[in-house]
Amino acid sequence: QVQFVESGGGMVQTGGSLRLSCAASTSTFRFYAIDWYRQPPGKQREWLATISNSGATTYADSVKGRFTISRDNAKSTAYLEMNSLKPEDTAVYSCHALHSGSLRHYWGQGTQVTVFS
């Protein structure tokens, strides 16, 4: 049984920074590509960033230059570093993991990020 759990959410002032974590319960974390998504209240879920199992990264235009996705395979954890936060970044942030071989995929339960002005 594989689980991915987000942490690091909270309240932060406009212009501040926050780092989210996505911790996995599997020893084969290195074979998973990790995505970060967010869903503001009343809006559809939005893809933010992806890091492949080889470390290649891609970003949505909405967060490019402000957010950084990374991973630490030794810790079985992926991260989303968020800088220059804006009120419109307020959302539930979730990680998604896709196994590169089996294509099994998993969602975390999400962590709330609130940016106040």
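Remark: the chain carries a charge dipole of roughly 120 debye about the Cα centre, counting +1 on each Lys and Arg Cβ and -1 on each Asp and Glu Cβ.
Across the alpha-carbon set of segment 9-105, the Rg to Rh ratio works out to 0.97, Rh being the Kirkwood radius. The residues packed around Gly110, meaning those with a beta-carbon under 11 Å from its beta-carbon, carry a net charge of +1 if Lys and Arg are +1 and Asp and Glu are -1.
When a 1.4 Å probe is rolled over the protein heavy atoms, the share of accessible surface on the chain that falls to carbon and sulfur comes to 49 percent. If you take all other residues with their beta carbon under 15 Å from the beta carbon of Pro87, and give Lys and Arg +1 and Asp and Glu -1, the sum is +2.
On a per residue basis, segment 50-90 carries 49 Å² of accessible surface, using protein heavy atoms and a 1.4 Å probe. Normalising the average separation of contacting C-alpha pairs (under 8 angstrom, six or more residues apart) by the number of residues puts the relative contact order of segment 2-117 at 37 percent.
The values are calculated or read from the model by the stated rules, or taken from the named source; none is laboratory data. Since this is a predicted model, take the numbers as computed values, not measurements. Neighbour counts run over all protein chains shown; Cβ positions are idealised from the backbone, glycine included. Accessible surface is based on the protein model in full, side chains and every heavy atom, while ligands, DNA and RNA are left aside. Shrake-Rupley method; radii C 1.70, N 1.55, O 1.52, S 1.80 Å.
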